[in-house]
Amino acid sequence: MSNFIANQTVHEQYGGVVPELASRAHMQHIVPVVDAALKKAGISLSEVDAIGFTQAPGLIGSLLVGGQFAKSLSLALNKPLIPVHHMQAHVLANLIDDPKPDFPFLCLTVSGGHTQIVLCESPTSMKVIGETIDDAAGEAFDKSAKLLGLPYPGGPLIDKYAKDGNPDRFKFPEPKIEGLNFSFSGLKTSILYFLQNAGKSNLYKEEFTATEEERTTFIRENLADICASIQQRIISILLNKLKKAALETGITHICLAGGVSANSGLRSTFEKTGAELGWKTFIPAFQYCTDNAGMIAITAYYKFLAGQTADLGVSSSARAEW
Ligand code: KG4
Ligand code: ZN
């Protein structure tokens, strides 16, 4: 009924999220955000049937703020408490709006911390059939952007510059990883060497032949082509594994999820690939791609229907197995 988001701009100056500052900002924001969400939905707390909250995974300080707040609400209102797994919620963001995928479906979940192919059998039954063995796709975007001197988070900026660039201009290597798993650390290293050589060679060798000035000039003059080429490679790494997963499982309802699914190149290539291969493709509305409360609420809703509530002893966790 409402999907209210409080952004934390305090981290930008540090080039990444500072965990302690994130927890403090959560404490400052949580009461006003809940108030604003209720106001937007036009309901009172007493009309809410259950309290869902993100239990794991993530930054523990921030998770604890949300977890304790949810428990307090649950206790005070005498309403069921429902712990939600952040990555499962990204997948179920695809069930918020119509049209919805049929079960079973596959979901490529790409965020700042995770890159997974999830086989979803029902709202409460899913398994990870492929995942990254090193960096996440969002990290690949953000770390590449950092090498280009762009501010954090650089993913959206690469997307923006890539629109005016030639994606075939520079050829970055595709990793050879068996099965359905992903790897992005080799790509990051090849971009580092490529930039250190100011694009003089495509050999991706560790030879630092360019001066600082040559490097910055090279980046400035070729930013759009570099961004487009990096983005194209990240997309091809993701979609090649997704195609393999679709082939191996025979599943044709395929979804995208997570912050990186906001990437315009990934969205269009995903849809084009789906049209070629006869998939029915689903991408959540933009506001449900990056981290949001709506995806936590829809997951809590299905868990509520399945009776999957918790008592006040449930604890938040930085890491969580599925
Ligand atoms: O799911 P999310 O909002 O937060 C996590 O749970 O990690 O994903 C954030 C990630 C960041 O790495 C950000 O750079 C990336 O999503 N991202 C993008 C775009 N928008 C967000 N990456 C590429 N292109 C975009 N348009
Ligand atoms: Zn996320």
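The values are calculated or read from the model by the stated rules, or taken from the named source; none is laboratory data. Please read all numbers here as calculations on a predicted model, not as lab measurements. Virtual Cβ from ideal backbone geometry, glycine too; neighbours counted across all protein chains shown. Just the protein is used for accessible areas: all its heavy atoms, side chains included, with ligands, DNA and RNA removed. Shrake-Rupley method; radii C 1.70, N 1.55, O 1.52, S 1.80 Å.
Would you mind calculating the relative contact order of the chain from Cα pairs under 8 angstrom and at least 6 residues apart, reporting the percent as a whole number?
Once divided by the residue count of the chain, the mean separation gives 25 percent.
In straight-distance terms, cross-link reach from Lys39 covers every one of the lysines whose alpha-carbon lies under 29 Å from its own, apart from those fewer than eight places away in the same chain; here that gives Lys71, Lys79, Lys100, Lys303. The modelled label-to-label distance for the pair Met1/Thr217, using points 7 Å beyond Cα in the direction of Cβ, is 6.2 nm. Surface exposure of the chain, expressed per residue as accessible area with a 1.4 Å probe, stands at 49 Å². How big is D, in µm² s⁻¹, for the stretch 132-246 by Stokes-Einstein at 20 °C and 1.002 mPa s if Rh is the Kirkwood radius over C-alpha pairs? Stokes-Einstein gives a translational diffusion coefficient of 150 µm²/s. Spacing of the modelled spin labels on Leu305 and Lys39, each 7 Å from Cα toward Cβ, amounts to 3.2 nm. Qualifying trypsin sites (Lys or Arg not before Pro) in the stretch 38-114, where qualification requires a DSSP coil assignment and no more than 14 other C-beta atoms within 10 Å, are lacking entirely.
Only helices enter the 222 nm calculation for the chain: every DSSP H run of n ≥ 4 contributes -39,500 (n - 2.57), and dividing by all residues gives -15000 deg cm²/dmol, rounded to 500.
Could you tell me which residue out of Ala6, Phe105, Gly67 lies farthest along the dipole of the stretch 1-143 toward its positive end? Charges go on the beta carbon: Lys and Arg +1, Asp and Glu -1, centred on the Cα centre. Result: Gly67, furthest along the dipole toward the positive end.
Assuming R0 = 41 Å, can you tell me the calculated FRET efficiency for the pair Asn240 and Ala76, based on Cβ-Cβ distance, to the nearest 0.05? According to the calculation, E is roughly 0.25.
The label-point distance for Gln8 and Asp97, in a model that sets each label 7 Å from Cα toward Cβ, rounds to 2.8 nm.
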